[in-house]
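Read through the structure below, which is laid out as structure tokens, and then see the notes.
The values are calculated or read from the model by the stated rules, or taken from the named source; none is laboratory data. In this text the structure is predicted, and so the values were computed from the model without any measurement. No Cβ is skipped: glycine too gets one built from the backbone with ideal geometry, and neighbour counts run over all protein chains shown.
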Amino acid sequence: MNIDYSQFLNMIPEVTLMAALMIVFITDLFTAKKPGEARNRNWFNPLVCVLMLAHIFINIWPTEASTAFGGMYMTNGSVGVIKTILAFSVLIVFVQSREWLQREDTNFKEGEFYELVLATLLGMNMMVSANHFLLFFLGLEMASVPMACLVAFDKYRHNSAEAGAKFILTATFSSGVMLYGISFLYAATGTLYFDDVMANISATPLCILGMVFFFSGLGFKISLVPFHFWTADTYQGAPTTVTGYLSVTSKGAAAFALCAILMKVFAPIVEYWQIMLMVVIVLSITIGNLFAIHQKDLKRFMAFSSISQAGYIMLAVVGNSAMSVTALSYYVLIYVVANLAVFSIIAAVEENNGGVVNMNAYNGFYKTNPRLAFLLTLALFSLGGIPPFAGMFSKFFVFMAAANGAQVTTAIGATIYAVVFIALVNTVISLYYYLLIVKAMFISDNENPLPTFKSSYSTKMALAICTLGVVAFGVCSIVYNWIHAASVM
Amino acid sequence: MTFLTLFVVIPVVMLLALWLARNDSQVRGVMVVGSTALLALAIYLVLAFVNARETMPAEQYPFLFGTAIPWFEPLNIYYRTGVDGISVVMLLLSSIIVFTGTFASWQQHPMQKEYFLWFTLLSVGVYGFFISVDLFTMFMFYEVALIPMYLLIGVWGTGPKEYSAMKLTLMLMGGSALLIIGILGIYFFNGQFSGQYTMSVVEIAQLHAIPAFIQKIFFPFIFIGFGILGALFPFHTWSPDGHASAPTAVSMLHAGVLMKLGGYGCFRVAMYLLPEAAQQLSWVFLILTTISVVYGALSACVQTDLKYINAYSSVSHCGMVLFALVMMTQTACTGAILQMLSHGLMTALFFAVIGMIYHRAGTRDVRKLGGLMKVMPFLAVGYVIAGLANLGLPGFSGFVAEMNIFVGAFEVNDTFHRACTIIACTSIVITAVYILRVVGKICYQKVADESFFKLTDATWDERVAVGGLILCVAGLGLAPLWAQNIINDAVAPMIHHIMGTGAVAGM
Amino acid sequence: MFDFQIVTTWFDNLLRQTLGLGDFWSILIECVMVGLIILTIYALIAMFMIFFERKVCAWFQCRLGPMRVGPWGVFQVLADVLKMLIKEIFGVDRSDKFLYALAPCLTIVASVGTFSFLPWNKGAQVLDFNVGVFMITAISSIGVLGVILSGWGSNNKYSVVSAMRGAVQMISYEMSLGLCMVIAVVLCGTMQLSGIVEAQTGPWKWLIIQGHIPAIVAFCIFLIAGNAEANRGPFDLAEAESELTAGYHTEYSGMGFGYFYLAEYLNLVVISGLAAAIFLGGWAPLNIGVDGFDAVMNYIPGFVWFIGKTLAVIWVLMWVRWTFPRLRIDHILILEWKYLMPLTLITLVVMTACVSLGLTF
Amino acid sequence: MNFTLLITVVLTALTLVAGAFVVAKLIGPRSYNPVKGEPFECGIPTRGSSWMPMNVGYYLFAILFLMFDIETVLLYPWAVAVKQYVAAGVGPYALVSIGFFLLVLVFGLAYAWRKGALEWK
Amino acid sequence: MIPVEFYLVLSTLLFFIGVFGFVTRRNLVAMLISVELILNSVDLNFAVFNRLLFPGQLEGMFFTLFSIGVAAAETAVALAIIINVYRNYRSDQVNSIENMKF
């Protein structure tokens, strides 16, 4: 029997994460209070954040490429980077979630929140590290099943339960579709190892059908059009913190995994998926943007915005080169800080003003809460791709990565340029609706704007991290260069 | 890293200082110190540039004071700076406008601090754009300069400000979307055909590797992308609305500097890097710019709002810049740059004075104003001078520029270009018509409203702004040669590059 | 040791070679034979069990039990069967007819299905899958469906409550039952029931001896959980005649009720049989390593061993039933989830430790 | 053969049900009145439907069962393999690897216990 | 031996019945059951492909096992959430829980 536990040393990120999860779990189990019990656990959130920070620091420099468990598990520089990015986003979510978790009806399940989030993170780590469809599937499910619990976390608020139901049903449905695709690939190649599948795949109808099913299954997770129906309702209904988490981390991990699989496993049928991907991207970006314009509910608005952002994320993959992975990771990182900043502010406003998420309520927000409004503006500018904020850099690099694949003057090259152009036109549309919020805050008059409130220290800290990221991650090229260096390692 | 970087560093330091500032007087202090420093730096730059050129001829060293610091090295993106004659005068112009703009918005309320924050951010973009010679940094600073306009107009503007601000921002951002495609095309196809991936403007021009058929694909993207900001004919509609709604100093900065980014970009990126395409496609843009010139002037005639008049006049004059550029002769291009400089100064003067009048009289409607010479002589004189410069009276900057442009345009020796030139020339007459009509109406007729008698003349800060600009306008008009030499020095090698590479311009 | 396969092989040869029948016909005839045998044994055992329970019950309660019909009342059960057959079958008007009719079928299928797994003797086993133990768990959980559908389909409040109770109890105890089987599988290294029994032949090889402490614990847990699985007292909450009339089969009359009645007793047999087969060596005789003794023991046929062990277990379970009072629902659940489950898990670990460190006999 | 027998067994069971039912129908008496068709309720007319929501505690246990049972099912393949581990001389590894698995199971149980999911309310 | 096509037809039917049910049914539990049909068709596929196309290995069988396990976990969560929806809305119909609209 070939059993060697030293293989676990190749998966330190998972091991440390598991350790953190266990510590949180046990601590919570023996200190949790029951509903209605007056017990103060102020130290709990900092503890979790410190654990998360430790996890990030242990794994910040990616390990060398290696495999474990007979090649089922694989890690390399770019995988390490995306894991760090995901962990970083989780850290921000934890810091930011504190205010929400102090609320009366959520306080007694504070621990569950951390545990579920860590569990999803563990799943995502496995998903991006997978080198075998089984591990990939398990990671994906581990990421999405606890996510449904998170979405339904505020269970006594109607929308949350409804959102959870929609999420879990679509998540299951999509994994069913995805598995169906995988079964075709299995039939065609007789193996489930990525490397072997790649070696045996060819442009037969069975493989292409499998690829399409697989793609649509994962498209659900990234909420690409036409697989986006659940997004708006789920984002709106879920607790704001969870929406933020869902929109960045889960999407980023799935996008990275899809990128890796398309570029690795489906490399022999690149022409087919490139075309398909381009169609989906154009649809996602355009439809996401067009629907976002009319939204009045900020969370719904951000949902559609995130659909179009998903399109931008995947745009990098069209280029199909090493640059794509770097650009995608970088985009995800920037998207994490910008989007979480937006959601932190939405959450802070919601918590302090009795659940206000309507855009009209933000009229005149700058007059009463100048700092929050200013930070929200920065974050929105970053999302819209305005320099000197980081969003512009990430968008530009994604476009570069896409155009990198169009170097030869062929029909597909021209198509890629056309897709990039459509995406660019869409940045203008997206800028329009981001500016609508800015307009509401700075320009529109309001008889009784939201009162001035003092957000908690944790919110402030989360916002500080996010703003620092928004401002610095672009201009300081060290971030990009770090990702690049790790990716080519 | 040379002292050029200071052009970006100083405004950034100003931003930080503004952020920390506690009250209005501190904000103003920061702005005065900062803008004075920038002005001084620009003047020093001119002197240093002239000195340096004596030892380093433009043919061998197109850009001086260059630096290249790796930034996003894997993508060949460097922080590259460098100036040639064109950038130098543009930097000088920007410094003057920022300096005078600071004084013109001395009384800006409410939220003075935020106002100056965005104002300074805008100037970061402008300076950065003029000092960079790397496609990426150019583009980045270009966008930095655009977005603060939205808030500046939207929050502090007048009239249908939200609509105008949104329209302006979206159209300009649409332009930058076109630009990205162009930049990607240049970068990747240059890299593919020369084997050397680079974003440097200088290197791409030297390599000159992109085949003509690919140039022809990307040229329109870049030319229109920058052309939108330069008020190219069908894409100019943001300009009148934007100018009319913007607060005084913003109009100054926008018309005075920001629109120059367009012309500069067209010349520096579109034509310089894609010369064959420039030659073969110039006729299309010649038609468009001719329309721009005449259409802008004619539209100005029928407007009654002072700002709209000036805005359409700007369309016409900026059209003239692009018009001269696509003529692609050395004289015309020198004229184009001079026109940018001159238009920047006099439009700034115009908008400053209009803003001040509006601030007092409460209206900008030509029909309601009159006899201002009696009420506020200083401002009225300023307005008259601006008007005269605008219609190209000798002795003011406008004359020098327009003369160069039309002389250069006539150098091109074929019927099509001649015809366009003649059509464009009519704009001089039309300009005279609308300027003189307005000047006569608002300055010299009898005072239109009893309440106007209570109005005061300019305060000291406004006098600084207006006086400084008048000085510059007159200075450029009376002694154009120093500027012309600097500009010529840069235009000559570029025109040589563009024209020396293939078929003769033509249909 | 007598191998029952001799009989089956002979019969197969008879059909194929002596009579010269083809594949299809021989298999058909064999299957019909098997079906008939199952039916017969099933019915006989059911009747015997009913009689046995009455007698045991009477004995525990110091009375005589049925005495009138036949000697010692042996024909009492036959009379009961007849009575049940000639009773009118009527249902509830507003019931869910389909589910109402489906429920007894499922119950009987589960009961007959698991019954067919019992290893009566070497080779005398109807079903012998290589995933046997697993399969038994799977089929026995169909029984839960029978309970819950009968209750729900009846549209009677008592039945619904009883069905819910029965379901929650049965699924809860299925955990421990399954885990106990896992413990046995760890020790035997196979899931095939015949393999498990085979592993227990030889001196001191009965599982309960071979696996000493953990196996004894597992055996006890198995009995408790099995008792609850079979819905028998003190776990007969689902029927709980004093509070719920007759529980989930309140609305069934005549044979409808008869099926549930049959299934209950057969489940008892199945549980006891499994306990005997898995832990007490099934048909394996008691060997102690002394040749003479072993030879005598081996001479006793496997049927006898198996039936004897099963009866012993049945007797224990009846003893329990007539001794302990009925539990309350929360006690039942707490017993399973807070005591039996952790205990089973610990036992599993201990058993694994014993096996992997070679601490078994 | 095994599956043929399985089908036989199932058919036998169904035959038993059907046969007994047919016999009972044939020889049993038949009569009807509306009261006979009522669900039994202590002799009074039934009020309302019985198909109504039940105490959520039942579902809680059902879901607990669903999760634990699936985890137990995954134990079977391992259980079969333990002997092979021992035969290969790596018995303790079997213990360690199942230790991880059971740890998760136990954590789940501990969680449910601690959070009061095992209390009957 | 039944040819592989027969199984494929069966699994494809199951799959599309599931998809159809998921799209058309308005009852949350029915939707869940439809999804389970899809998962079952997948399990069938894996088992069949493994047994008939690649008899020398066990990958497909393992995949089936894990997929069953995961499906159960999903069902557990989905059921819990559906119960919660029911407690909030007193209904399990999709139509009645659409608080959120475009």
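Scan region D:58-74 for residues that are more than 8 Å from chain C (Cβ to nearest Cβ) and either in contact with a helix residue (DSSP H, G or I) (Cβ under 8 Å, 6 or more places away or on another chain) or among the small types (Gly, Ala, Ser) (or both) and jot them down.
D:59, D:63, D:66, D:67, D:70, D:71, D:74
Any residue that is within 18 Å of residue E:22 (Cβ to Cβ), more than 16 Å from the chain's Cα centre (by Cα) and within 14 Å of chain E (Cβ to nearest Cβ) - is there at least one of those in region A:228-249?
Among the residues of region A:228-249, at least one is within 18 Å of residue E:22 (Cβ to Cβ), more than 16 Å from the chain's Cα centre (by Cα) and within 14 Å of chain E (Cβ to nearest Cβ), which makes the answer yes.
Looking only at region C:118-142, count every residue that is within 24 Å of residue D:69 (Cα to Cα) and touching an Asp or Glu at 6+ places or on another chain (Cβ under 8 Å) and tell me the total.
Residues that pass the stated criteria total 3.
Residue B:51 passes all but one of (1) out of contact with any helix residue (DSSP H, G or I) (no Cβ under 7 Å at 6 or more places or on another chain); (2) closer than 27 Å to residue B:345 by Cβ; (3) in a strand (DSSP E or B); which number fails?
For residue B:51, the failing item is (3).
Of (1) in contact (Cβ under 8 Å) with a residue 40 or more places away in the chain; (2) surrounded by 24 or more Cβ atoms within 10 Å (Cβ to Cβ); (3) more than 23 Å from residue A:198 (Cα to Cα), residue A:129 satisfies all except one. Which?
(3)
Of the residues C:78, C:14, C:19, which is away from every other protein chain (no Cβ under 14 Å) and in contact (Cβ under 8 Å) with a residue 24 or more places away in the chain?
After applying the criteria, what remains is C:78.
List the number of the failed condition for residue A:78; all other conditions in (1) in a loop (DSSP other than H, G, I, E, B); (2) surrounded by 15 or more Cβ atoms within 10 Å (Cβ to Cβ) hold.
Looking at each condition in turn, residue A:78 falls short on (1).
Residues that are among the aliphatic types (A, V, I, L, M) and buried (at least 24 other Cβ atoms within 10 Å of the Cβ): find the helices (runs of 4 or more DSSP H) completely inside region B:225-292 holding 2 or more of those.
Fully inside region B:225-292 and qualifying: B:248-253, B:259-265.
For region B:83-157, please list each of the helices (runs of 4 or more DSSP H) lying entirely inside it that holds at least 1 residues being within 14 Å of another protein chain (Cβ to nearest Cβ) and crowded, with 23+ Cβ neighbours inside 10 Å.
The helices (runs of 4 or more DSSP H) meeting that bar are B:112-131, B:135-156.
Of all residues being farther than 22 Å from residue A:337 by Cα and outside any helix (DSSP H, G or I) in region A:361-382, which is nearest to the chain's Cα centre (by Cα)? Just the residue, please.
Going through the qualifying residues, I end up with A:363.
Which one is nearest to residue A:374 (Cα to Cα), of the residues in region B:1-28 that are free of Cβ contacts under 8 Å to residues at least 12 places away in the same chain and surrounded by 13 or more Cβ atoms within 10 Å (Cβ to Cβ)?
The residue in question is B:26.
Please enumerate the residues belonging to region B:1-24 that are farther than 14 Å from residue B:38 by Cβ and of a type in the set (Ser, Thr, Tyr).
Scanning region B:1-24 gives a single hit, B:2.
Against the condition buried (at least 23 other Cβ atoms within 10 Å of the Cβ), under 28 Å from residue B:145 (Cβ atoms) and within 14 Å of chain B (Cβ to nearest Cβ), how does residue A:380 come out, does it pass?
Yes; evaluated as a whole, the condition is true for this residue.
Residue-wise test of (1) of a type in the set (Val, Ile, Thr); (2) surrounded by fewer than 16 Cβ atoms within 10 Å (Cβ to Cβ); (3) within 12 Å of chain D (Cβ to nearest Cβ).
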position: C:285; (1), (2), (3): no, no, no
position: C:288; (1), (2), (3): yes, yes, no
position: C:305; (1), (2), (3): no, no, no
position: C:325; (1), (2), (3): no, yes, no
position: C:338; (1), (2), (3): no, yes, yes
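In this structure, is residue A:200 farther than 30 Å from residue A:113 by Cβ and either β-branched (Val, Ile, Thr) or in contact with a helix residue (DSSP H, G or I) (Cβ under 9 Å, 6 or more places away or on another chain) (or both)?
It is true that residue A:200 is farther than 30 Å from residue A:113 by Cβ and either β-branched (Val, Ile, Thr) or in contact with a helix residue (DSSP H, G or I) (Cβ under 9 Å, 6 or more places away or on another chain) (or both).
Give the residue, chosen from B:372, B:393, B:388, that is under 30 Å from residue B:288 (Cβ atoms), hydrophobic (A, V, I, L, M, F, W, C) and crowded, with 21+ Cβ neighbours inside 10 Å.
Every option except B:388 fails the conditions.
Would you tally the residues in region E:30-72 being under 12 Å from the mean Cα position of the chain (by Cα) and among the hydrophobic types (A, V, I, L, M, F, W, C)?
Total satisfying the criteria: 14.
Looking at region A:98-187, what helices (runs of 4 or more DSSP H) fall wholly within it and have at least 1 residues that are in contact with a strand residue (DSSP E or B) (Cβ under 8 Å, 6 or more places away or on another chain)?
A:110-129, A:133-151
Select from region E:1-20 the residues that are more than 11 Å from every other protein chain (Cβ to nearest Cβ) and part of a helix (DSSP H, G or I) and list them in ascending order.
Correct list: E:5, E:6, E:9, E:10, E:13, E:17, E:20.
Quick one: which of B:196, B:206, B:192 is not aromatic (Phe, Trp, Tyr) and not in a helix (DSSP H, G or I)?
B:196
On the given criteria, is residue B:187 at pLDDT 90 or above, assigned to a helix (DSSP H, G or I) and either over 21 Å from the mean Cα position of the chain (by Cα) or at the interface with chain A (Cβ under 7 Å from one of its Cβ atoms) (or both)?
yes
Enumerate the pairs (first residue in region D:1-25 and within 7 Å of chain C (Cβ to nearest Cβ) and within 15 Å of residue C:128 (Cβ to Cβ); second residue anywhere and outside any helix (DSSP H, G or I) and of a type in the set (Phe, Trp, Tyr)) with beta-carbon separation below 7 Å, excluding pairs fewer than 6 apart on the same chain, so at least 6 apart or on different chains.
Once the first residue is within 7 Å of chain C (Cβ to nearest Cβ) and within 15 Å of residue C:128 (Cβ to Cβ) and sits in region D:1-25, its partners that are outside any helix (DSSP H, G or I) and of a type in the set (Phe, Trp, Tyr) give D:2/C:129.
Of everything in region C:66-88, what is of a type in the set (D, E, K, R) and surrounded by 14 or more Cβ atoms within 10 Å (Cβ to Cβ)? Give them in sequence order.
Hits for region C:66-88 are C:80, C:87, C:88.
Identify all residues within region C:87-136 that are assigned to a helix (DSSP H, G or I), aliphatic (A, V, I, L, M) and facing another protein chain (nearest Cβ under 8 Å); write none if there are none.
Residues satisfying the conditions are C:108, C:109, C:112, C:133.
Which ones in region B:364-386 are in contact with a strand residue (DSSP E or B) (Cβ under 9 Å, 6 or more places away or on another chain) and over 17 Å from residue B:348 (Cα atoms)?
Correct list: B:365, B:366.
I'm checking my understanding of the structure. Among residues of region B:411-424 that are touching a helix residue (DSSP H, G or I) at 6+ places or on another chain (Cβ under 6 Å) and of a type in the set (A, V, I, L, M, F, W, C), which one is surrounded by the fewest Cβ atoms within 10 Å (Cβ to Cβ)?
Checking each candidate, the answer is B:423.
List the residue pairs whose Cβ atoms are under 6 Å apart, where the first residue sits in region C:56-75 and is closer than 24 Å to residue C:317 by Cβ, the second is not small (Gly, Ala, Ser) and not in a loop (DSSP other than H, G, I, E, B), and the two are 6 or more positions apart or on different chains.
C:56/C:318; C:57/C:322; C:60/C:322; C:65/C:54; C:65/C:55; C:66/C:54; C:66/C:76
Return the residue satisfying two criteria in turn: it lies in region A:142-153 and is in contact with a Ser or Thr (Cβ under 8 Å, 6 or more places away or on another chain) and surrounded by 24 or more Cβ atoms within 10 Å (Cβ to Cβ), and of such residues it is farthest from residue A:256 (Cα to Cα).
Here the residue is A:152.
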